1. Cβ contacts < 6 Å: first residue without any contact (Cβ under 8 Å) to a residue 40 or more places away in the chain and under 18 Å from G90 (Cα atoms), restricted to region 49-74; second residue basic (K, R) and part of a helix (DSSP H, G or I), any location; separation 6+ or different chain. Result?
2. Quick check on my filter: what residues within region 1-42 are of a type in the set (D, E, K, R) and open to solvent by 20 Å² or more (accessible area, probe 1.4 Å)?
3. Looking at E201, E189, E208, which one is within 29 Å of E273 (Cα to Cα), among the charged types (D, E, K, R) and crowded, with 17+ Cβ neighbours inside 10 Å?
4. So is A120 small (G, A, S) and either closer than 19 Å to T254 by Cβ or open to solvent by 10 Å² or more (accessible area, probe 1.4 Å) (or both) or not?
5. Where the second residue is assigned to a loop (DSSP other than H, G, I, E, B) and the first is free of Cβ contacts under 8 Å to residues at least 60 places away in the same chain and lies in region 268-296, which pairs have Cβ atoms under 7 Å and are six or more apart or on separate chains?
6. Residue under question is E241, and the condition is that it be within 22 Å of S4 (Cα to Cα), modelled with pLDDT under 95 and not polar (S, T, N, Q); does it hold?
7. Take the conditions of a type in the set (G, A, S), at pLDDT 95 or above and open to solvent by 30 Å² or more (accessible area, probe 1.4 Å) and apply them to S100. Does it pass?
8. Restrict the check to region 23-35 and report whether at least one residue is over 19 Å from T86 (Cα atoms) and among the β-branched types (V, I, T).
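The values are calculated or read from the model by the stated rules, or taken from the named source; none is laboratory data. None of these values were measured; they are calculated from a predicted model. Here the Cβ is made from the backbone with ideal geometry for all residues, glycine too, and neighbour counts use every protein chain on show. Just the protein is used for accessible areas: all its heavy atoms, side chains included, with ligands, DNA and RNA removed. Shrake-Rupley method; radii C 1.70, N 1.55, O 1.52, S 1.80 Å.
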Amino acid sequence: MATSLLQQLRSLVVVDVDCMDPDVAKRHTTQEEQFHDMTSNQALVLTETIKPENEGLIKEAIGYVQSKNLDQDPDTFKMDVLDTITVLLGKRVLPYLKGSVHAQTSPSVAYDTEKTIAHAKKLVALFAEHGIPKERVCIKIPSTPESILACQYLQKIGIQTLATTLFSLPQALAASQAGCKYVAPYFNELRVHFQKSTWKEYANPATEHPMSQVILSIVAAFREIKSSTLALPASIVTPNEVVALASFQPHHITISGGVLDQLAALPTIREIEPTPCTTDIASFLGKNYLADGGQLLREAITTDVETQRKVTDALAIFDDCERKTKEFLDTVL
């Protein structure tokens with residue numbers, strides 16, 4: 001019988017850890033309860049890279065890249081170190097997972113199909129070099145038309161993908177058509193984690209939050225078309241938002257360390273009743289969002305002002321985090 005809200009939620013939905021700190025994963029893992037996957041992105045990598053206690057891991061990554069004796073320009077070298085840090089951080093959390101570690105492709109190539117494919121392959125190869133097979137790796141890729149096409153190719157060659165920076169039903173349907181293993185619709189836009197003043201609290205987020213019906217429509221559409229792609233809501237700020245998302249009946253929810261700690265300290269609540277989808281999804285179905293180089297998806301994003309803004313902003317934030325990680329590496333090289 002569940003004795004905390006976290007245990008109650010784990011009985012309803014698969015819980016992933018939105019953190020690359022192994023202590024967080026360990027703290028909320030028992031013989032009976034494990035996380036399924038571990039989230040990763042440029043912001044989480046930056047957070048761990050600059051921690052003094054991770055100095056040894058950073059030196060290990062630098063040494064690993066140096067040992068290859070490649071003739072590289074400084075920026076390529078730092079990118080290789082950053083990718084190796086991502087892999088080493090994931091490797092530390094893997095013992096607490098039943099499923100996969102995630103790694104996100106660079107936001108700098110989000111609008112380039114071939115470069116996204118190349119970076120995804122590089123990450124998978126790096127994981128393999130560190131003893132983690134591709135079956136336990138999932139590559140997170142931004143939900144731009146160009147990158148969703150990259151997902152389609154990567155899935156065909158056996159690399160698992162997750163469509164991230166996702167804020168709309170067309171993006172999710174395109175990812176499903178590409179064969180992505182997951183889509184991760186953001187409940188809150190990314191900026192709320194960096195500018196707290198941009199986050200808005202709702203008394204009933206299940207019905208009042210502007211992304212509620214979007215995520216409900218994704219879950220409903222995937223059920224309607226019998227999609228094999230799994231919905232994994234992300235970017236959560238409070239326990240109340242987690243409860244709201246659980247009422248949408250997604251396949252997974254990914255939760256940050258701070259929110260996990262709060263959920264573990266809270267008592268169980270009444271039964272979490274399903275929230276109905278009131279969006280008419282029919283007009284979105286039966287369309288090929290990937291045809292003609294993803295033209296229909298491109299039109300859907302560019303005509304949806306909020307989705308366009310949120311995607312652009314998220315990529316800019318991730319790009320800034322990647323830049324700051326490289327700047328930090330400059331101080332230790």
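1. Taking only residues 6 or more apart or on different chains, not a single pair turns up.
2. Answer for region 1-42, where residues must be of a type in the set (D, E, K, R) and open to solvent by 20 Å² or more (accessible area, probe 1.4 Å): R10, D18, D21, D23, K26, R27, E32, E33.
3. Values: E201 fails: crowded, with 17+ Cβ neighbours inside 10 Å; E208 fails: crowded, with 17+ Cβ neighbours inside 10 Å.
Going through E201, E189, E208 in turn, the sole match is E189.
4. On the way: small (G, A, S): yes; either closer than 19 Å to T254 by Cβ or open to solvent by 10 Å² or more (accessible area, probe 1.4 Å) (or both): no.
Answer is no for this residue.
5. Pairs that qualify, where the first residue is free of Cβ contacts under 8 Å to residues at least 60 places away in the same chain and the partner is assigned to a loop (DSSP other than H, G, I, E, B), are E273/S247; P274/S247; P274/Q249.
6. Numbers: within 22 Å of S4 (Cα to Cα): yes; modelled with pLDDT under 95: no; not polar (S, T, N, Q): yes.
The answer is no for E241.
7. Numbers: of a type in the set (G, A, S): yes; at pLDDT 95 or above: yes; open to solvent by 30 Å² or more (accessible area, probe 1.4 Å): no.
No.
8. Residues of region 23-35 that are over 19 Å from T86 (Cα atoms), as a first pass: 27-34.
Next, only the ones that are among the β-branched types (V, I, T) stay: 29-30.
Checking region 23-35: at least one residue is over 19 Å from T86 (Cα atoms) and among the β-branched types (V, I, T).
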